[in-house]
1. Which of the aspartates and glutamates could a cross-linker span from A:Lys463 if the Cα-Cα distance has to be under 20 Å and same-chain partners fewer than 8 positions apart are dropped?
2. Inside 10 Å of the C-beta atoms of B:42-50, what's the mean count of C-beta atoms belonging to other chains?
3. Please tell me the relative contact order of chain A in percent, rounded to the nearest whole number, where contacts are Cα pairs under 8 Å and at least six residues apart.
4. Once the Cβ-Cβ distance between A:Ser593 and A:Ser615 is put in as r, and R0 is 25 Å, what FRET efficiency do you end up with, to the nearest 0.05?
5. With θ set to phi - 60°, apply the Karplus curve 6.51 cos²θ - 1.76 cosθ + 1.60 along the stretch A:179-184 and write out the HN-Hα couplings as whole Hz, x wherever there is a Gly or Pro.
6. Using a cut-off of 15 Å between alpha-carbon atoms, which aspartates and glutamates can reach A:Lys482, once sequence neighbours fewer than 8 places away in the same chain are excluded?
7. Near A:Lys418, which lysines are there with a Cα under 23 Å away, not counting those fewer than 8 places off in the same chain?
8. Quick one: grab the alpha carbon gyration tensor of the stretch A:259-380, order the square roots of its eigenvalues as a ≥ b ≥ c, and give me rounded if a/c is under 1.5, else prolate or oblate depending on whether a/b is larger than b/c.
Amino acid sequence: MLTIDGKEVDFKEGATVLEVAAANGIYIPTLCTYSGLLPFGACRLCLVKIENMRGFPPACTTPAAKGMKITANDLELNELRKNVLELILSEHPNSCIICDQKDLCGHYNICPTKSGRVTGCAFCPNKGGCELKQVTEYLGIKEIRFPFTYKNLPLEREDPFFDRDYNLCILCGRCVRVCQEIRGVGAISLTKRGHDTKVGTAFNKSHLDGGCRFCGACVDACPTGALSARGSKWHGIPDKVTTTTCALCSVGCSLKLETKWEKIVAVRPDSEGPANQGQACVRGRFAIPALVNGASRLKYPLIRRNSRLVPATWDEATELAAARLGKYLPGETAFLASPFLTNEAAYLLQKFARVCIGTNNIDTSSFFSGPVIQSRIKRSNMGDGTIEDIAKSGWIIVVGGDIAASHPVLTVKINQAKKRGAFVSLIGSKQNINSRLFDSCISVEPSGYFPLLAGILKIIVEKKGFDSKFVTSQCNDFDEFKNSLKEIDIKTIAGTCGISRDMIEKLTSTILPSGRGSILYGSKILECDDPMQIIGMLFNILLLAGSPAGLVPLMDGANSQGVADMGALPDFLPCYQNIADKDSLSTFEKSWSAMLPKKPGLNYPAILNAAVEGSIKALYVTGGEIPREISLERLDFLVLHDIYPSPLFETADIVFPAAAFTEEDGTITSLEQRVQRLQAGAKPVGMSMPDWTIICKIAEKMNVKGFEFSSASEVFDEICRVNPLISGHGIRDLKLKKKFTLTPVKKTVRSKKGVLHKKPLWHYRGFDLTEMVSDLKILHSKIFGG
Amino acid sequence: MKNTIKDIIKPYQGEKGSLIPILQAVQEKTGFISEDAISTIAMDMNMSEHEIYGVATFYTQFRYTKPGDHMVKVCLGTACHVRGGEQLLDRTENILNIKPGQTTLDSAFSLERVACMGCCALAPVIVVDDKIYPNVAGPKVEKIISRYSSSDEKE
Ligand code: SF4
Ligand code: SF4
Ligand code: SF4
Ligand code: SF4
Ligand code: FES
Ligand code: FES
């Protein structure tokens, strides 16, 4: 209990005076406080009076204590705060703030705003949401009694993505602290002292050279216009803001799309996003407008006539597709579901394949999805770790993935775990960025993963330091597993992968005593002889640590998870109902009122092979994820959904223009199996349409019933109807399974060499984002060379 | 270079709050704090180079360029200031073509501004290496500098 402005209130131990005030609806102006950051006490705006304390302590740094008598607002404090703010403003372009015509100005100034220098709010890119202006208005500052000094610092515009004008900077330190405390990067700091203090980098390096990741967190944290996203700084206040989910990687960050003049002009992270809590990465924050507004977006359907692709109407194109698809035997037709499709599109695509064509030749066009999903099915453990689990882990291992580049927001979670004392190790080739993320790096090629992991398992079992209570009560096949380790000889491991017993012991010593942990694994494991075996071994490590929910696959497509959940798999119906299982099959036959093919279809690699050999004659591709080295010459018929022209245009017979994810409603499922909504921030460009609509249109032309949907949510309703497990929180519920199984460790040699498709690290559907967004290319070549 | 920096910081390893002593040791042994030094220290302390730089520049005692053969200090203490210290600094900057804290390309001179050398009666003063030159008004400074640049003469 304490009193604040005469009001008696309760408070939580450890809260600051500012937090107690806020919790009780008492406003205290602040500038340097920012959600998620430690108190800093730099701006001195939050000064309060506390009985028996000398002077005016800042509310943001003063811990609340029992019996405190606090004055949060009175005339004296208001005067004091005005003084403080006037001092701050004396070094900030302030003519507009105090101009008594400013309200009119807001109405009548017609964009005099493209000058480089900001000399007042009318010229400032921040005018839409300026905290400094809000506080000035709150305190009612009408004049500034101190002489104005302009710092006359050079504008910093050499780096990609955002501009910096430190003449507007009030040195609140929010950008520096966000970069350090939340992102764990520390690409900027407050340099020098006194009057010369400035946010900067070591030796004035460019951000690019200084290791900045261009996540934009600093731009979002800045209360002034000092930092501004270049692409969107002159658009002013958006007409519309739409919350959606980022479909550029599988983290599933929640984003706010800002629409102006019917176009997406800017994107900001949503502070309420369950996965990202206000964070994003360079792709989500800066790349989306350029990606979706490109001039060469496909705007109308194309059909091949006299060996050339020519524009056609939707009617023509869908009719042609229906007619030609009907000509092939079911076994000669195959479907590839892009891991960037929405759940609705993926569901309808597999339904189309099975009901309209009668084939199970459908799979996700990702080499990584296959082993991940199969391994889960084999383990009967469909649910893996959540993103929040990562933050709470006592230890973390990242295997075979460049996580800071591929799934940047996860590093925010790893950073949180680190702060709580987690030891973070990397197994794999040295990361290109952010080596500070890792406490230890075991540098080993994919061929060394097997011996290394075998060694880790062996030492864990040998040392008996594992969670034996968990293992005996929850795991099957411990003895078999243990016996399989007999073959493993630690001494020879060093010979095969260069890792000594010492190093392995060091690693295991970080795992065993630390309880719950997480293992995040990436697509490098595909280069191992038996990726499934590797996943099994990683899961074994977690089981031995009593931490079965800690396995996180770094899925390569934004919706790899959902596309599989929806049954875009050759041997499983939606929600992993086995085709070989008669009951499942007949349930779906009933709900879809159709006969379904019983024979499992071809998987992704097999479909590609069959297309090359000519046994697949018709191929339906959604998003162009076909490796370049695959020759489709023998293919008879290729249908393509795409958003831009792609190399597949050479072979495609029909191209349907698809809507980008910012232009459609629907759902996608993140790597933590969270089903999240997409909401359109703009209309599909030209005549393009969401993928699911395209599929329905073709089905209609084929006179097949069951595709009459007028919205994505109607499709989602059907998905939930045919399998109630998919409602709400995804298929996590499937996890409620019997016991876990420890996989015996068995060395296998890759039987036949499959095609390996190296996707560009940053991609959307088949497209390399660095080709679409020039600033991304600059960043990419800085990080990876070339 | 890296090795010697590593050697210098070795004794401090694992010590919390040892950043300032480390920086001091590096400056003492190598004469300045190089980019290399900062990145080595950063690696060692698991901090970013920018954080280290931020801390270092908060203190005025560190320099970031290799000192030249001769150190030129221009006094801007109160007495020197009122008697033309600023102009003296301007002139010196022009002659050497560098700003305070920098070193000429041929590594002959470094320039620094200082506050009061304790001989205000002689203001404005300039100090080259350890020699104090009094009442340096007008073009006098050119002569002084040229004395050091023409040959290796050190007084
Ligand atoms: S930062 Fe805010 S107060 Fe400053 S010029 Fe921009 S809009 Fe005005
Ligand atoms: S963009 Fe991100 S990494 Fe770069 S300085 Fe800002 S917060 Fe740090
Ligand atoms: S740039 Fe913005 S966030 Fe950073 S210190 Fe200046 S005002 Fe604060
Ligand atoms: S981390 Fe992934 S989901 Fe989040 S903003 Fe970046 S690309 Fe989008
Ligand atoms: S908010 Fe308390 S000092 Fe800035
Ligand atoms: S002010 Fe220059 S010597 Fe004292």
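The values are calculated or read from the model by the stated rules, or taken from the named source; none is laboratory data. Treat the numbers as computed from the prediction; the structure is a model and nothing was measured. Here the Cβ positions follow ideal geometry from the backbone for every residue, glycine too, while neighbour counts run over all protein chains shown. Remember, those area values only see protein heavy atoms, side chains included, never the ligands or the DNA or RNA. Shrake-Rupley method; radii C 1.70, N 1.55, O 1.52, S 1.80 Å.
1. The qualifying aspartates and glutamates are A:Asp477, A:Asp479, A:Glu480, A:Glu487, A:Asp489, A:Asp502, A:Glu505.
2. Mean shielding by partner chains, rounded to a whole number: 6.
3. 15 percent.
4. Calculated transfer efficiency: 0.25.
5. Couplings: 4, 7, 6, 8, 7, x Hz.
6. Correct list for A:Lys482: A:Glu462, A:Asp467.
7. In chain and number order, the partners are A:Lys392, A:Lys430, A:Lys506, B:Lys16.
8. It comes out oblate by the Cα gyration axes.
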